[in-house]
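Here's the structure we're looking at; comments come further down.
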Amino acid sequence: MKVIVLGAGIVGVTSAYQLAKAGHEVTVVDRQPGPALETSFANAGEVSFGYCSPWAAPGIPMKAMKWLFMKHAPLILRPKLDMAMLSWMARMLSNCTSERYAINKSRMLRLADYSRIALADLRAETGIAYDERMQGTLQLFRTEQQLDASAKDVKALAADGIPYEVLDRDGCIRFEPALRHVRDKIVGGLLTPKDETGDCFKFTNALAAKAEALGVRFAYGTTIKALDVEAGQVRGVITDRERMSAEAVVVALGSYSPLLLEPLGIRLPVYPVKGYSLTIPITDASRAPESTVMDETYKIAITRLGDRIRVGGMAEISGYTNDLGLARRSTLEYSVTDLFPGGDISRASFWSGLRPMTPDGTPVIGGTDVAGLFLNTGHGTLGWTMSTGSARLIADLVSGGQPEIDAKDLAISRYG
């Protein structure tokens, strides 16, 4: 079939690659001049197959109240008269129960583990290099309370057969030797050894080149105006340059997906939650992390990417704004220098991106009530982690095949 993929971020490009492999004639449309220039550009670098959890969790409402008054807060809320924001927040709060957390985390782990296999297969077949490392994620606890609270995650990991290890202070230092300089600041950690790291921007650009070699056409610098739908069937896409016809369309526009779908009456509960990152050149490798350290106190990931450190995190709910707040930079600098002192943060580059978040933390993958219209969006902070598995799923669904894992509860229909 002729298939149009909307969006050239990590999710769109992996989708296009798998659709081309399935034999379809694929065109990717994006307003940017190249791939991975928005949310995929400078994310935290984590490929977190084991360390993936819904933000909506028991106790989060109380924690959120505390965070709002912290100097270095992991959550920043800028409320406004925005019904989409208010509705999304209400739905997220309704998912902050033990029952919903267990269901949502199980979905996420299923897709993430499938993505682990898909990424390994893709790496083997393409030989793509992207500053990748396969050394795991260490969720680092500064307090005994945090260590005790990790029990619910350990339970979910065990239930889904995901490898993990609970570490004491010395165990954390064995895994990340640079932490010996700050041993008194930590009490333990949760290691998920199958997790990986890598530069999402490098990966997406390399895979886009592989996709082009398979015949995928990339229409960069093209603004999407509307979906062309007739008699309940998608017919193509209307852009600022032309009308593009297709038998199927895959919407992979991240936070902007709901805006395109709303005129069709499709209410997609995805809202932008802004994250920030610093990219710092390594000046002393002995004081840098080997893989990813997740600072649980500030919800900040500190990741080794070749000769750089990527420091990413925070959740700012402020709508479709992409300004760079200096207070957010201060928080990133505080976390990385507190755990890995000695780096030259004066040479750091500062960035922000809009993560497409669903209220339950699980992406939306599958068809819609419009024939031929498919969604692959809402991955939140885990687009890089879940992209390769999501791409396989969407290629199977578009092709009318049977996915290798259960995908029914990932569709938009779960929202009623």
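The values are calculated or read from the model by the stated rules, or taken from the named source; none is laboratory data. Here the structure is a predicted model, which means the values were calculated and not measured. FYI the Cβ positions are ideal-geometry reconstructions off the backbone, even for glycines, and counts take in every protein chain you see. Ligands, DNA and RNA are stripped out before the accessible areas are found, and what is left, the full protein with its side chains, is counted by its heavy atoms. Shrake-Rupley method; radii C 1.70, N 1.55, O 1.52, S 1.80 Å.
Here are a few things to note about the model shown:
- Peptides ranked, highest mean first, by Cβ atoms within 10 Å: ranges 364-373, 326-335: 364-373, 326-335
- Taking a straight Cα-Cα cut-off under 26 Å and skipping sequence neighbours fewer than 8 places away in the same chain, the lysines within cross-link reach of residue 80 are 63, 66, 71, 274, 299.
- The dipole here belongs to the chain: it is taken about the Cα centre, uses +1 on the Cβ of Lys and Arg and -1 on the Cβ of Asp and Glu, and is about 660 debye.
- Cα gyration tensor shape for the stretch 322-365, rounded if a/c is under 1.5, else prolate or oblate: prolate
- Electrostatic bookkeeping for residue 362 treats Lys and Arg as +1 and Asp and Glu as -1; over the other residues with beta carbon under 13 Å from its beta carbon, the sum is +4.
- Solvent-accessible surface (1.4 angstrom probe) belonging to residue 244, in square angstrom, nearest 10: 10
- Theoretical FRET efficiency, 1/(1+(r/R0)^6), r = Cβ-Cβ of residue 233 and residue 144, R0 56 Å, to 0.05: 0.45
- Formal net charge of residues neighbouring residue 413 (Cβ-Cβ distance under 13 Å; K, R +1; D, E -1): +1
- For residue 73, neighbours were defined as the other residues whose beta-carbon sits under 10 Å from its Cβ, and their charges (Lys and Arg +1, Asp and Glu -1) total +3.
- The stretch 251-392 - percent of accessible surface contributed by carbon and sulfur, probe 1.4 Å: 51
- Span from the the stretch 74-96 Cα centroid across to the the stretch 170-222 one, whole angstrom: 29
- Here the alpha carbons of the stretch 253-336 define both size measures, Rg and Dmax, at 16.5, 55 Å.
- Secondary-structure-derived ellipticity at 222 nm for the chain, considering helices only, amounts to -10000 deg cm²/dmol, per-run term -39500 (n - 2.57) for DSSP H runs with n ≥ 4.
- Inverting the pair-averaged 1/r between distinct Cα atoms of the stretch 350-404 gives 12.2 Å as its Kirkwood hydrodynamic radius.
- The stretch 84-130: C-alpha gyration tensor shape, a/c 1.5 cut-off, then a/b vs b/c: oblate
- Burial ranking of peptide ranges 40-53, 9-22 (average Cβ count within 10 Å, highest at the top): 9-22, 40-53
- Accessible surface of residue 91, taken over heavy atoms with a 1.4 Å probe and every protein chain present, rounds to 90 Å².
- Here each label is just a point 7 Å from Cα along the line to Cβ, and for residue 220 and residue 158 those points are 5.0 nm apart.
- Our summary of shape: the Cα atoms of the chain have principal axis extents of 65, 43, 41 Å, ordered from largest down, in whole angstrom.
- Accessible solvent surface per residue of the stretch 255-408, calculated while the other protein chains remain in place, 1.4 angstrom probe, Å²: 31
- Paramagnetic label reach from residue 87 (point 7 Å along Cα→Cβ; backbone nitrogen cut-off under 13 Å): within the stretch 250-270, residues 258-270.
- Three principal axis lengths of the stretch 292-402 [C-alpha, angstrom, descending]: 55, 31, 24
- Per residue, the stretch 1-78 exposes an accessible area of 38 Å² to a 1.4 Å probe, with every protein chain left in place.
- Rg over Rh [alpha-carbon atoms, Kirkwood Rh] for the stretch 373-416: 0.94
- Measuring r between the beta carbons of residue 259 and residue 337 and using R0 = 45 Å, the FRET efficiency lands at 0.70.
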